[in-house]
Each structure stands twice: as C-alpha cells, then as structure tokens.
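First the structure, in the form of structure tokens, and then the observations on it.
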Amino acid sequence: MRNVYNSIPHDLSGAASKNRFRLEMLWGIGKMFDLYDKPDFCVVFDYKCDVEIHFNDSLEFYQIKTHKVQSPYKFTVISKPDKNTGKSIIGRLYLLKNISGENVSIKVALVSNAFFQIDKKIYSDVETLKFSDLDATTQKKICDALKAELQHDEVDISNIHYIYTSMNLLNPENDIKGKITGCFEKIKK
C-alpha cells in the first residue's frame, strides 16, 4: 500500500492556504472523532488531499468544498475543468482513486455544506451519496464527463462519493465540542 500512496502527487495549494480553510481542519478533526473506536488509522491533512484517512488496507481522500450560496452544488460546477490545472474537482478525485492498478481500496469523496444536484435532480434526502448507486442515466452522464476530461476509454465510479455536511459554517467549533463530549461519554461507559 505504501507504493500506491507514494505514487500519488501531493497537493501544495491546500497547505499554502490552510489558515483560510479552518472548516477543512475542523471537519477532519470531526472525522477523527467519528473513527475514534476504529482500529489503527491515521489522519493526514493537506498532503495528497484536504483530509486523508489511512487504514491498514485502504485509503480515503476527502476534498472539502464550501458553497457559500443557498443553492445546491451542481455537477456542472464540479465537472468543469479549472483554468490553471485543466482538471475538474471530480476529475482530480477520480485520479486519486485510480492512481494505481494495485489491489488497494481507495475511497474518494467531495464534502460540501450544500446538497448535490445533477441536471434537475437535487439529492437533499441523503448525507452520503455513492455515485455508483445513482440511476443508470446519471451514472452515464458522470462517466461521460470523466472520460471526456481525462481522455479515458473507460471509467469506474465505484468508491466515489458526495457527502453533504451539516457542520455549522459560522461556528464549526461547536460541532467539534459536541463530538469531544460524545467520545468522553463512550469512554465513561
């Protein structure tokens, strides 16, 4: 698994702007508390992705994107190539997931404070949306966008997720305080 991880290029843009993205760090800390009772994991911030979870046999990458307007985060936005890198948000996540042919489970997720929308469908009834569980037409649209952007003949969208977070953007530390309290309650039992 070390070879797979070492082959992934690191992302310096997040590290350079960490002071502006407190939410990323607090969401990652919250994720650590969610995993508190799981065996052997490591959390890495802003190296290959915003938040990474390393387990003994798998990797998870989380890209945190805040959406400041009260509308859903549209697929057209996350699939639009960046003018500097030429890669879209979803394209960069896909490349992380498929960096190696080795048999290492890699999960990638876009985490946002806005619901996900593709075409006219808004997914407001689910916190974690697995792209491979969407209807066939929607999966095809996602796959076609990735194929066109990345110049791939085939794409596999399993283990690609969109996660809606309800973390309070004005006072995210309150959510963390609640998770800390929850962990202490588990310890007392």
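A few notes on this one:
- Taking a straight line from the alpha carbon of Lys74, these aspartates and glutamates sit under 19 Å away, with near neighbours fewer than eight places off in the same chain left out: Asp82, Asp119, Asp125, Glu127, Asp133, Asp135, Asp144, Glu149.
- The residues Val77, Val69, when put in order of fewest to most other Cβ atoms within 10 Å, stand as Val69, Val77.
- The loop-placed trypsin sites (Lys or Arg not before Pro) in the range 23-116, going by DSSP, that have at most 11 neighbouring Cβ atoms within 10 Å of their Cβ come out as Lys68, Lys83.
- Beyond 29 Å in Cα-Cα separation lie the following of the pairs Lys38/Lys121; Lys38/Lys68; Lys83/Lys130: Lys38/Lys121; Lys38/Lys68.
- Calculated from backbone phi, Karplus (6.51, -1.76, 1.60) coupling profile of the range 131-148 in Hz, x at Gly/Pro: 4, 6, 9, 6, 5, 4, 5, 5, 4, 4, 4, 5, 4, 4, 5, 5, 4, 5
- Of the two radii for the range 32-163, the radius of gyration is 0.95 times the Kirkwood radius, both from the alpha carbons; that is the Rg over Rh value.
- Cβ crowding within 10 Å ranks Phe116, Phe41 as Phe41, Phe116, fewest other Cβ atoms first.
- Taking the number of Cβ atoms within 10 Å of each Cβ as an exposure proxy, the fewest-first ranking of Cys49, Cys42, Cys143 is Cys42, Cys143, Cys49.
Read-outs throughout are calculated quantities, based only on the coordinates presented, and are distinct from any laboratory measurement. These numbers were taken from a predicted model, which means no experiment stands behind them. Quick reminder, even Gly has a Cβ in these numbers, built from the backbone with ideal geometry, and neighbours come from all protein chains shown.
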